[in-house]
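Quick notes on the structure that follows.
The values are calculated or read from the model by the stated rules, or taken from the named source; none is laboratory data. None of these values were measured; they are calculated from a predicted model. Every residue, glycine among them, receives a Cβ derived from its backbone with ideal geometry; neighbour counts consider all protein chains shown. Surface areas here come from the heavy atoms of the whole protein model, side chains and all, with no ligands, DNA or RNA. Shrake-Rupley method; radii C 1.70, N 1.55, O 1.52, S 1.80 Å.
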Amino acid sequence: MASVSAVNLVIQKGTYFEETFSLSAEDESGLNLTNQTATAKLKKHSTAGIAYTFTTTLTVADSTVKISMQPAVTSTLPSGRCVYDLILTSSSSGIVSKVVEGNVLVQETVSL
């Protein structure tokens, strides 16, 4: 399985957010995403009770996972520094792996 990548993000409250991750295996080839499901969540801190879920889209052909949030969701995010991660779960083996993690700076949007 791939090692965990650290990628920091910035989300503007009340706007559409999208980021695509190209995932690589340890030998630097594209990570095989066949029979995988992706889950990504954001929290104010790792032990916070409230989690905000990203929509995830896997593309097996190019080993990418896109995470996104609609404006209705980003408008409810807590401002300031938050944390997130992206988890893959194999439907065939049940193995759960964290592939991306990082900080998210959630910024207020003045014009909305």
Practice item. Report the GluC sites (Glu not before Pro) located in segment 7-112 that are in a DSSP loop and have at most 13 other Cβ atoms inside 10 Å of their Cβ, or state none. Key: Glu26, Glu28, Glu108
Revision key, fill the gap. Once amide hydrogens are built 1.01 Å from N within the peptide plane, the residues lying 5 or more places from Leu9 or on another chain with amide H under 5 Å from its amide H are Asn103, Val104, Leu105
Point to revise | Given charges at beta-carbon only (K, R positive; D, E negative), |dipole| of the chain in Debye | key: 520
Practice item. Measure off, as a whole percent, the carbon and sulfur share of the 1.4 Å-probe accessible area of segment 62-112, all protein chains present. Key: 55
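Using 1/(1 + (r/R0)^6) with R0 = 30 angstrom and r between the beta carbons of Ser75 and Ser97, what's the FRET efficiency to the nearest 0.05?
For R0 = 30 Å, the calculated efficiency reads 0.45.
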Practice item. Among (i) 83; (ii) 131; (iii) 99, find the value of volume of the Cα convex hull per residue in Å³ that was calculated from the structure presented, and write down its label. Key: (iii)
Check your understanding: When only Cα pairs under 8 Å and 6 or more residues apart are kept, what is the percent relative contact order across segment 39-112?
Key -> 28
**Study point:** Reachable lysines, given that their alpha-carbon falls under 25 Å from the alpha-carbon of Lys13 and they are not under 8 places away in the same chain
**Key:** Lys41, Lys43, Lys44, Lys66
Revision key, fill the gap. Whole-Hz Karplus couplings 3J(HN,Hα) for segment 96-112, θ = phi - 60° and coefficients 6.51, -1.76, 1.60, Gly and Pro as x, run 10, 9, 7, 10, 9, 8, x, 9, 10, 9, 9, 10, 5, 10, 5, 7, 9
Revision key, fill the gap. Note to self: with every protein chain in place and a 1.4 Å probe, the chain gives an accessible area per residue in Å² of 56
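Assuming a ≥ b ≥ c are the square roots of the Cα gyration tensor eigenvalues, decide whether segment 1-59 counts as rounded (a/c under 1.5), prolate (otherwise, with a/b larger than b/c) or oblate.
Here segment 1-59 falls in the prolate category.
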